[in-house]
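Beneath this line is the structure, given in structure tokens, with notes to follow.
The values are calculated or read from the model by the stated rules, or taken from the named source; none is laboratory data. Remember, predicted model here, so these are calculated numbers, not experimental data. Note that each Cβ is placed from the backbone with ideal geometry, even for glycine, and that neighbours are counted across all protein chains shown. Just so you know, the surface numbers come from the protein's heavy atoms only, side chains and all, with ligands and any DNA or RNA stripped out. Shrake-Rupley method; radii C 1.70, N 1.55, O 1.52, S 1.80 Å.
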Amino acid sequence: MSNPTNPKLYNLFEALKIENLTENDYKEICKRLGREPNRTELGMFGVMWSEHCCYRNSKPLLGNFPTKGKYVLVGPGENAGVIDFGKNQKLVFKIESHNHPSAIEPFQGAATGVGGILRDIFTMGARPIAVLNSLRFGNIENSSNVSLLRGVVAGISHYGNCVGVPTVGGEIDFDNSYSGNPLVNVMALGLLETEEIVCSGADKVGSPVLYVGNTTGRDGVGGASFASSELTTSSLDNRPAVQVGDPFIEKSLIEACLDAFKTGDVIAAQDMGAAGLTCSSAEMASNGGLGISIDLDLVPAREENMTPYQYLLSESQERMLLVVKKEKVTNLINQYEKWGLFAKVIGEVIPTKEVIISHKGKIAAQIPTSALSDDTPINIHKAMKSPPNSLLKKWEWTEEKLPQIKDNKILSIKENNDFSLSQIILKLLSNPSIASKRWIYNQYDYQVQANTIFKPGESDAALIRLREQNEKNKKKNFSGVAVSVDCNSRWVSLDPFRGSIAAVAESARNVSCVGAEPLAITNNLNFSSPETDIGYWQLSSSCDGISKACIDLGTPVTGGNVSLYNESKNQNNEITPINPTPVIGMVGKIDNVEKAISSGWKNINDQIWLIGSTASESTIAASSYLEYFHGEITGRPPKIDLHDEKYCQTFLRSLILKDFLESSHDISDGGLAVALSECCILSSKGAVIDLENNNNRLDNVLFSEGGSRIVFSVNKKNELNWLNYLNAIQHDLPKTIYVKKIGYVSQESLKINVENMEICNIEVEKLTEKFNNSISSYL
């Protein structure tokens, strides 16, 4: 094959460094091309062979995920996963990260993260119906982290609010490990509006390739490679690698694409996201088993004198590449122009399996599709056979190392001062990682489209009513999708296997707590460098944990994202890796949203019950109490019995559907005391709680985490029916499952008694003040 256009001489070492390619990669490129690549081609390989695009470090691990299931229609490999929701409804969903761009330019980094994940959804033919986010920042007492928080939240709210998609939920955590490398993960869901799922394979020779959307500029050039490298003190120089978004153009693009897809005249579609025109053209050709020819002179550009390299690697936002029926191309162009969008034929599908790029009458790049996207390089790593000694030492921690409790007071190791148990509850509620996130979600429009059942913070999972666009029948029973994003990164850092199991279990538990059946997950694996022994062991162990939990709970993986090299390097070349953070996005279905319940108490004198498993460990090791009160991040996270976990969730859902329950809330960060406090705060009602001790420390009774536990309330008026039902099925309960009454809803305070001794009595107003005003006090 002849070498396309005489390439300008370039410094190979510098070029490989810029593209994050190795010398072995270069040799493999030369072998596949049968010649040396020019600089443009090298850039194309750089983005296509990055971790962000080809998962070169994680692919062997991802292959072990369970990806098939009763409801799965499309699994990993397409723009987003698709599951069958029944009643001729199909749900499309996925999670993506925009971590490094948000660290450099928080507003645009977060905004374009929202825009990118929305395009993944509507590219499949689905109307976006909801957005959630999972955020991580460094200590909120640090002003630089506050600036990042403000910028990211502003970016998410700006894009989501303007584009008209509700931001319905999420999670946020603060830890020093994220100070130089915040995490911005965004999940989106959509409801399919087309008869067929729109896929990305260009499978008909001669079909026009239609460019639609916004113009192409130099913004975002090399973004995929940038996202696959560590952050350093010089990363601010990479601001051009951060894209700039326009949500109003995105809104037009959504409507224009959905209209076009419904005609059946679009054969294939691909978002120009990571790696821009390079990735979209290469993947469409590869997925269709054919080739593609592109003329860059025809690409709508917003800047002059752009090079082929810049055209191909630009990640300018709001752009799509379509393969369309030849006889319908004029109609489609008119349709897109009606929405104020650019629409231009820039190439065609060709029989030879090549990506051929021309510019100013010359071939700028000519690469076999298989060379770019098939059999991409895999970096082979060997996972350590046993956990690092530093963790094994932490696992030896026991409660005996804590000060003794005297007169309901305990010495804080962190502050060297005595605190009552009531004071500890208030301190936990005011910790930014536990406290209300209302300062954040109040900036989001969570009610647009009028399908959000519960406001953010009201329920354990977000719940969206599923109805077709312009649905006129308002009296029918609507089904709903419940969705939750979860990850306890402290647990994962202390035990990646157990912590990742817990992330899947908690996300399923949250979905079950509103009454929905968990069906499938998408995940975002945020980890540090896989090139270190510990980094790869964390990633490998985490994937094993996710696989086990998904298999046991029956929730297959439909896709997701991997974000590695999340670490920061200071001026002394000291590297700080983030806590490993495998974020799980769980979706579930409820047949009638009118059956769903939220977290807060409903009526005075309602009975408060607790369900849990003695087979699932409950401990203050690795707990929020241990970290936030004592300043200790140690101990081994509790082991979860997944069989009992699934049973507890299934049993709870059956009670919700039988109308026995008024509320339910899972026990997670801060343990039982914090869960009860949150139920009180949400309802402005108190509770009288009577607990057994079983020879445990009082702080274990109040603040232990784990145990597959859920607090729920039963209407006092329905108590007799509930007790009769419970007695009737008592013999069917596994021996390790307990369902017990622990109290009742009261007026104005949370009163907790242990073995008939009052250890806590706090006014709900005081709980609420600490919980609601924590984050805003820093801002």
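Identify the residue in region 75-89 that is closer than 18 Å to SER200 by Cα, open to solvent by 30 Å² or more (accessible area, probe 1.4 Å) and assigned to a strand (DSSP E or B) and, among all such residues, is modelled with the highest pLDDT. That would be PRO76. Of all residues in region 504-547, those satisfying the criterion of being among the small types (Gly, Ala, Ser) and closer than 22 Å to ARG465 by Cα are SER507, ALA508, SER512, GLY515, ALA516, ALA520. Could you go through region 432-442 and let me know if any residue there is free of Cβ contacts under 8 Å to residues at least 12 places away in the same chain, under 24 Å from CYS487 (Cα atoms) and surrounded by fewer than 19 Cβ atoms within 10 Å (Cβ to Cβ). Scanning region 432-442, I find at least one residue that is free of Cβ contacts under 8 Å to residues at least 12 places away in the same chain, under 24 Å from CYS487 (Cα atoms) and surrounded by fewer than 19 Cβ atoms within 10 Å (Cβ to Cβ), so the answer is yes. GLU705 meets all of the listed conditions (1) open to solvent by less than 80 Å² (accessible area, probe 1.4 Å); (2) out of contact with any Phe, Trp or Tyr (no Cβ under 6 Å at 6 or more places or on another chain); (3) farther than 22 Å from ALA435 by Cβ but one, namely (3). Take THR123 and decide whether it is farther than 30 Å from PHE478 by Cα and polar (S, T, N, Q). In short, no.
Yes/no per residue for (1) among the β-branched types (Val, Ile, Thr); (2) over 13 Å from TYR211 (Cα atoms); (3) within 33 Å of the chain's Cα centre (by Cα):
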{"position": "ASN287", "(1), (2), (3)": "no, yes, yes"}
{"position": "GLY291", "(1), (2), (3)": "no, yes, no"}
{"position": "ILE294", "(1), (2), (3)": "yes, no, no"}
{"position": "LEU298", "(1), (2), (3)": "no, no, no"}
{"position": "GLN310", "(1), (2), (3)": "no, yes, yes"}
{"position": "ASN331", "(1), (2), (3)": "no, yes, no"}
{"position": "TYR336", "(1), (2), (3)": "no, no, yes"}
{"position": "LEU341", "(1), (2), (3)": "no, no, yes"}
{"position": "LYS344", "(1), (2), (3)": "no, no, no"}
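Scanning region 59-74 for residues that are touching a Pro at 6+ places or on another chain (Cβ under 8 Å) and either aromatic (Phe, Trp, Tyr) or at pLDDT below 95 (or both) yields a total of 1.
Against the criterion of being surrounded by fewer than 24 Cβ atoms within 10 Å (Cβ to Cβ) and either closer than 24 Å to VAL82 by Cβ or in contact with a helix residue (DSSP H, G or I) (Cβ under 7 Å, 6 or more places away or on another chain) (or both), SER484 does not qualify. Across region 345-378, the number of residues qualifying as open to solvent by 90 Å² or more (accessible area, probe 1.4 Å), more than 28 Å from TYR55 (Cβ to Cβ) and touching a helix residue (DSSP H, G or I) at 6+ places or on another chain (Cβ under 6 Å) comes to 0.
When you check GLY600 against the structure, is it part of a loop (DSSP other than H, G, I, E, B), more than 22 Å from GLY75 (Cα to Cα) and either of a type outside the set (Val, Ile, Thr) or open to solvent by 20 Å² or more (accessible area, probe 1.4 Å) (or both), yes or no? Against the criterion (part of a loop (DSSP other than H, G, I, E, B), more than 22 Å from GLY75 (Cα to Cα) and either of a type outside the set (Val, Ile, Thr) or open to solvent by 20 Å² or more (accessible area, probe 1.4 Å) (or both)), GLY600 qualifies.
Considering the conditions (1) open to solvent by less than 40 Å² (accessible area, probe 1.4 Å); (2) over 37 Å from the mean Cα position of the chain (by Cα), GLN730 is excluded by exactly one of them, (1).
The single condition among (1) among the β-branched types (Val, Ile, Thr); (2) within 19 Å of ASP460 (Cα to Cα); (3) open to solvent by 20 Å² or more (accessible area, probe 1.4 Å) that THR522 does not meet is (3).
Within region 398-410, the set of residues being of a type in the set (Asp, Glu) and open to solvent by 70 Å² or more (accessible area, probe 1.4 Å) comprises GLU400, ASP407. Filter region 683-742 down to residues that are part of a helix (DSSP H, G or I) and of a type in the set (A, V, I, L, M) and give me whichever is nearest to ASN772 (Cα to Cα). Within region 683-742, the match that is nearest to ASN772 (Cα to Cα) is LEU702.
Within region 379-397, the set of residues being in a loop (DSSP other than H, G, I, E, B), open to solvent by less than 60 Å² (accessible area, probe 1.4 Å) and out of contact with any Phe, Trp or Tyr (no Cβ under 8 Å at 6 or more places or on another chain) comprises ASN379, TRP397. Could you tell me whether region 676-686 includes any residue that is of a type in the set (Gly, Ala, Ser) and touching a Leu at 6+ places or on another chain (Cβ under 8 Å)? Yes, region 676-686 has at least one match.
Yes or no, residue by residue, for (1) aromatic (Phe, Trp, Tyr); (2) at negative phi; (3) at pLDDT 95 or above:
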| site | (1), (2), (3) |
| --- | --- |
| GLU303 | no, yes, no |
| GLN335 | no, yes, yes |
| LYS353 | no, yes, no |
| LYS360 | no, no, yes |
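The residues of region 32-51 that are in a helix (DSSP H, G or I) and closer than 14 Å to LEU372 by Cα, listed by number, are ARG32, LEU33, THR40, GLU41, LEU42, GLY43, MET44, PHE45, GLY46, VAL47, MET48, GLU51.
Out of all the residues in region 411-429, is one or more part of a loop (DSSP other than H, G, I, E, B), surrounded by 17 or more Cβ atoms within 10 Å (Cβ to Cβ) and in contact (Cβ under 8 Å) with a residue 60 or more places away in the chain? Checked against the condition, which is being part of a loop (DSSP other than H, G, I, E, B), surrounded by 17 or more Cβ atoms within 10 Å (Cβ to Cβ) and in contact (Cβ under 8 Å) with a residue 60 or more places away in the chain, region 411-429 yields no hits at all. For region 573-597, the set of residues classified as open to solvent by 60 Å² or more (accessible area, probe 1.4 Å) and either without any contact (Cβ under 8 Å) to a residue 60 or more places away in the chain or closer than 24 Å to LYS94 by Cα (or both) consists of ASN573, GLU574, ASP591, listed by residue number.
The number of residues in region 608-627 being touching a helix residue (DSSP H, G or I) at 6+ places or on another chain (Cβ under 6 Å) and open to solvent by 10 Å² or more (accessible area, probe 1.4 Å) comes to 1.
Scanning region 525-546 for residues that are open to solvent by less than 10 Å² (accessible area, probe 1.4 Å) and assigned to a helix (DSSP H, G or I) returns GLY535, LEU539, SER542, CYS543, GLY545, ILE546.
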